[in-house]
Amino acid sequence: MRNPNTCFVAEDNGKIVGVIMSGHDGRRGFIYHTTVMKEYRRQGIGKKLVASALAALETQGIHKVALVAFKKNVSGNIFWEKAGFTVRDDLIYRNKCIHELKRIDLI
């Protein structure tokens with residue numbers, strides 16, 4: 001694992017029901033992936049995962065954390081807003097595909 005101290009899982013009787021993958025580049029923290037199984041949402045699991053990741057990043061000297069969320073992910077964007085993450089309009093997000101990938105966000 002690339003970031004063993006900043007990634008966490010939530011379990012229910014040995015079953016993984018949520019995960020957060022975060023890390024940093026020495027200056028800025030990033031949340032790369034976060035999910036909680038639908039049937040486990042709205043129980044505070046995501047909030048606890050985010051708190052764990054932020055605390056772990058802070059212990060490593062990180063004071064700002066960024067993430068990317070798809071515009072059409074309404075519930076995800078509501079979650080991130082409630083968690084205190086704000087939208088920045090002073091950045092341009094750029095992306096380059098090394099080779100063509102099948103988009104799963106369109107499903």
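The values are calculated or read from the model by the stated rules, or taken from the named source; none is laboratory data. Remember, predicted model here, so these are calculated numbers, not experimental data. Here Cβ is always computed from backbone atoms with ideal geometry, including for glycine, and neighbour counts include all displayed protein chains. What goes into the accessible areas is simple: the full protein's heavy atoms, side chains included, and nothing from ligands, DNA or RNA. Shrake-Rupley method; radii C 1.70, N 1.55, O 1.52, S 1.80 Å.
Kindly indicate the residue of region 69-107 that is open to solvent by 100 Å² or more (accessible area, probe 1.4 Å), among the β-branched types (Val, Ile, Thr) and within 20 Å of Met37 (Cβ to Cβ) and also farthest from the chain's Cα centre (by Cα) among those meeting that condition.
Ile107
What are the residues in region 1-33 that are touching a Phe, Trp or Tyr at 6+ places or on another chain (Cβ under 9 Å) and open to solvent by 50 Å² or more (accessible area, probe 1.4 Å), if any?
Asp12, Met21, His24 - these are the residues of region 1-33 that are touching a Phe, Trp or Tyr at 6+ places or on another chain (Cβ under 9 Å) and open to solvent by 50 Å² or more (accessible area, probe 1.4 Å).
When region 46-68 is examined, which residues are found to be under 23 Å from Ile104 (Cβ atoms) and open to solvent by 40 Å² or more (accessible area, probe 1.4 Å)?
Result: Leu67, Val68.
Any idea which of (1) within 13 Å of the chain's Cα centre (by Cα); (2) surrounded by 13 or more Cβ atoms within 10 Å (Cβ to Cβ); (3) without any contact (Cβ under 8 Å) to a residue 12 or more places away in the chain is the one Gln43 doesn't satisfy?
(1)
Return the residues of region 71-102 that are among the aromatic types (Phe, Trp, Tyr) and closer than 14 Å to Ile31 by Cβ; say none if nothing qualifies.
Phe79, Trp80, Phe85, listed by residue number.
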